[in-house]
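Undergrad: Quick one: structure below, then a few questions.
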Amino acid sequence: MAVLIDAMRVLSALNVALLIGLGYVWGRNFYRFRSKHTLGLLVFAVLLLAENALSIVFFVFNFEGLTAWVTDPSFVPTIAQQAMLTLRALEFAGIAFLTWVTWD
Amino acid sequence: MEAVLWYVLTGTRGGTNRVRILRALDERPRNANQLAEDLELDYKTVRHHLDVLEDNGVLQDSGDDYGAIYLPTDQARHHWDTIEEIMEQVE
């Protein structure tokens, strides 16, 4: 189901956008405060950003033929794509909530 | 309390201004209007930060509505070394 893959792509892109925002706030604060607490938040944002950026590479660009493989329903059945989408959606919900409290 | 202080003051977008507000109130208690003027911040911004700091148990107010004076809570005083550690980095 192409729509499931598209939804995953959209959620990954939204995660990247939110994580850039969080990375900006925490990076600026780390520059200012130099505390390990802020560094922890910054490292968290950078790693999760890398995860979502890689996901975009895997699902959008035909990386080493991987994209064709993961998007083909005969290799990855719909139920597996739904499961992957659920994980991505939960991650998005978590990041969105964290952005809301951090933007304070 | 310590984790709350680190998050509210260094983990959020408005942290830097909240640190400035705390420092001003440590010098002497003031109301929202005086804070806005002394720190050259928008009144609504100051109000928002005061509410956040009150919600998190860092500040308390004298309860006189618009003229309410703000000052650190006992709990914040108890952890003042943490606040000082954070304040040292601002300005």
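Undergrad: For chain B, what's the relative contact order in percent, using C-alpha pairs closer than 8 Å and at least 6 residues apart?
TA: Value for chain B: 35 percent.
Undergrad: A further question follows. Once the piece of chain linking B:Glu2 and B:Lys44 is laid out straight, how much longer is it, given 0.36 nm per residue of separation minus the C-alpha distance between them?
TA: Answer, rounded to one decimal: 12.4 nm.
Undergrad: With a sphere of radius 13 Å drawn around the Cβ of A:His37, what net charge do the other residues whose Cβ falls strictly inside it have (Lys, Arg +1; Asp, Glu -1)?
TA: Residues close to A:His37 contribute a combined charge of +1.
Undergrad: Let me ask another. If you take the accessible area of A alone, add that of B alone, and subtract the area of the pair, what total do you get in Å², probe 1.4 Å, to the nearest 100?
TA: On the way: alone 6690 and 5410 Å², together 10710 Å².
Its buried surface, counting both partners, is about 1400 Å².
Undergrad: Continuing with this model, one more query. Could you put B:Asp74, B:Asp42 in order of accessible surface area, largest first, with the 1.4 Å probe and the full protein assembly present?
TA: So, going from the largest accessible area down, we get B:Asp74, B:Asp42.
Undergrad: Can you give me the three principal axis dimensions of the stretch A:2-103 from its C-alpha atoms, in Å, biggest first?
TA: Sorted from largest, the Cα extents of the stretch A:2-103 read 52, 27, 17 Å.
Undergrad: What translational diffusion coefficient, in µm²/s and rounded to a whole number, does the Stokes-Einstein relation yield for the protein assembly as shown at 25 °C and a viscosity of 0.890 mPa s, taking the hydrodynamic radius as the Kirkwood radius over Cα pairs?
TA: Translational D for this selection: 129 µm²/s.
Undergrad: Further question: Check which residues have an amide H placed less than 5 Å from B:Gln60's amide H, if you skip close sequence neighbours.
TA: Amide H to amide H, under 5 Å and 5 or more residues apart or across chains, B:Gln60 pairs with B:Leu71, B:Thr73.
Undergrad: Compute the convex hull volume of the Cα atoms of the stretch B:1-90, divide it by the residue count, and report the result per residue in Å³ as a whole number.
TA: Once divided by residue count, the hull of the stretch B:1-90 is 85 Å³.
Undergrad: Using the Cα centre of the protein assembly as shown as origin and beta-carbon charges of +1 (Lys, Arg) and -1 (Asp, Glu), tell me which of A:Val3, A:Trp100, B:Trp6 is placed farthest towards the positive end of the dipole.
TA: Ranked along the dipole, the leading option is A:Val3.
Undergrad: Under 11 Å from the Cβ of B:Asn56, count the other residues' Cβ atoms, weight Lys and Arg +1, Asp and Glu -1, and hand me the total.
TA: Counting the neighbours of B:Asn56, the net charge comes to -3.
Undergrad: At a cut-off of 10 Å², which residues of the stretch A:2-39 become less accessible once all protein chains are present than in their chain alone, using a 1.4 Å probe?
TA: A:Val25, A:Trp26, A:Arg28, A:Asn29, A:Arg32, A:Phe33, A:Ser35, A:His37, A:Thr38
Undergrad: Now a separate question. In chain A, which longest range has no chymotrypsin sites (Phe, Trp or Tyr not before Pro) that are both DSSP loop (not H, G, I, E or B) and surrounded by at most 11 other Cβ atoms within 10 Å?
TA: Of all site-free stretches, the longest is A:1-60.
Undergrad: As I understand it, the dipole of the stretch A:2-103 uses +1 on the Cβ of Lys and Arg and -1 on the Cβ of Asp and Glu, about the Cα centre. Which of A:Leu41, A:Thr86, A:Asn15 lies farthest toward its positive end?
TA: Projecting each Cα onto the dipole axis, the largest value belongs to A:Leu41.
Undergrad: I'd like the distance separating the alpha-carbon centroids of the stretch B:14-91 and the stretch A:57-104, in whole Å.
TA: 42 Å
Undergrad: If each DSSP helix of 4+ residues adds -39,500 (n - 2.57) and the sum is divided by the residues in chain A, what number results at 222 nm, nearest 500 deg cm²/dmol?
TA: Calculated mean residue ellipticity at 222 nm is -29500 deg cm²/dmol.
The values are calculated or read from the model by the stated rules, or taken from the named source; none is laboratory data. Because the structure is predicted, anything quoted here is derived from the model rather than measured. Cβ coordinates were reconstructed from backbone atoms using ideal geometry, including for glycine residues, and neighbour counts include every protein chain displayed. In case anyone asks, the SASA skips ligands and DNA or RNA and just uses the protein heavy atoms, side chains included. Shrake-Rupley method; radii C 1.70, N 1.55, O 1.52, S 1.80 Å.
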